[in-house]
Amino acid sequence: MLTSKVNMKRANIRFTYSDYLQLPEDKRHEILDGELYEMAAPNTRHQRVSRNLMMALIQHVQASDLGEIFVAPYDVILSEENVVQPDQLFVRKERLGIIGELNISGSPDLVVEILSPGTRSKDLEIKRKIYAAFGVQEYWIVDPEAGSIEVLCWTESGYRTEALAHRSGTLSSPLFPGLALDLAEIF
């Protein structure tokens, strides 16, 4: 029996922020370079790491009056075809004007993504390129499996690793003067 191959063509549809606003609110989504991605709810380990990191960062940021920390779900509109919901983000005090009533319009100074099996490749590849293209000054990649945080700093040619700390280490960051983050308290 002969079977014929059907030439399947895919429409070149690009999603925009206007499309994003029409999506049901019972699920989380992101638009990356015009492609729509649905996001699963984070697991328990992810939630614990996120909570611990958020508490440490908020304490440092408030004590030093540096700006504001936000956590997902919270829309960051980088462009019409790039709408993200990072796990955490930071906006310096002198740039608070990008914070609106419903979202952030522009690049935060720091974006934190906590890796999970379902988001690992997207966070390490696609989002890394997008954050660099839009000039996010620091991108922290938190890996609960490895118990590590990598601090990437923006350069005109992409990100470079500024710091990499593991479970028993201490992390510092150019954005947060005086920060000595004890990773044992995070993981």
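Overview of results
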quantity	calculated
Residue selected from region 20-39 under the condition under 15 Å from Glu80 (Cβ atoms), of a type in the set (A, V, I, L, M) and within 18 Å of the chain's Cα centre (by Cα), by the criterion surrounded by the most Cβ atoms within 10 Å (Cβ to Cβ)	Ile31
Asn12 vs. criteria modelled with pLDDT under 95, out of contact with any strand residue (DSSP E or B) (no Cβ under 9 Å at 6 or more places or on another chain) and among the polar types (S, T, N, Q)	yes
Qualifying residue in region 121-130 (condition: modelled with pLDDT of 95 or more and part of a loop (DSSP other than H, G, I, E, B))	no
Selection status of Ile77, farther than 26 Å from Ser64 by Cβ and surrounded by 18 or more Cβ atoms within 10 Å (Cβ to Cβ)	yes
Output for region 83-125, where each listed residue is within 21 Å of Ser148 (Cα to Cα) and surrounded by fewer than 16 Cβ atoms within 10 Å (Cβ to Cβ)	Pro117, Gly118, Arg120, Ser121, Leu124, Glu125
Any hit, region 60-74, residues being assigned to a helix (DSSP H, G or I), closer than 29 Å to Glu145 by Cβ and at pLDDT 95 or above	yes
Top-ranked residue in region 146-182 [being of a type in the set (Asp, Glu) and at pLDDT 95 or above; ranked as surrounded by the fewest Cβ atoms within 10 Å (Cβ to Cβ)]	Asp182
Failed item in (1) surrounded by 21 or more Cβ atoms within 10 Å (Cβ to Cβ); (2) in a helix (DSSP H, G or I), with His46 passing the rest	(1)
Matching option when the condition is farther than 22 Å from Ser173 by Cβ and of a type in the set (Asp, Glu), among Glu101, Glu94	Glu101
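The values are calculated or read from the model by the stated rules, or taken from the named source; none is laboratory data. None of these values were measured; they are calculated from a predicted model. We place every Cβ from the backbone using ideal geometry, glycine too, and count neighbours over all the protein chains shown.
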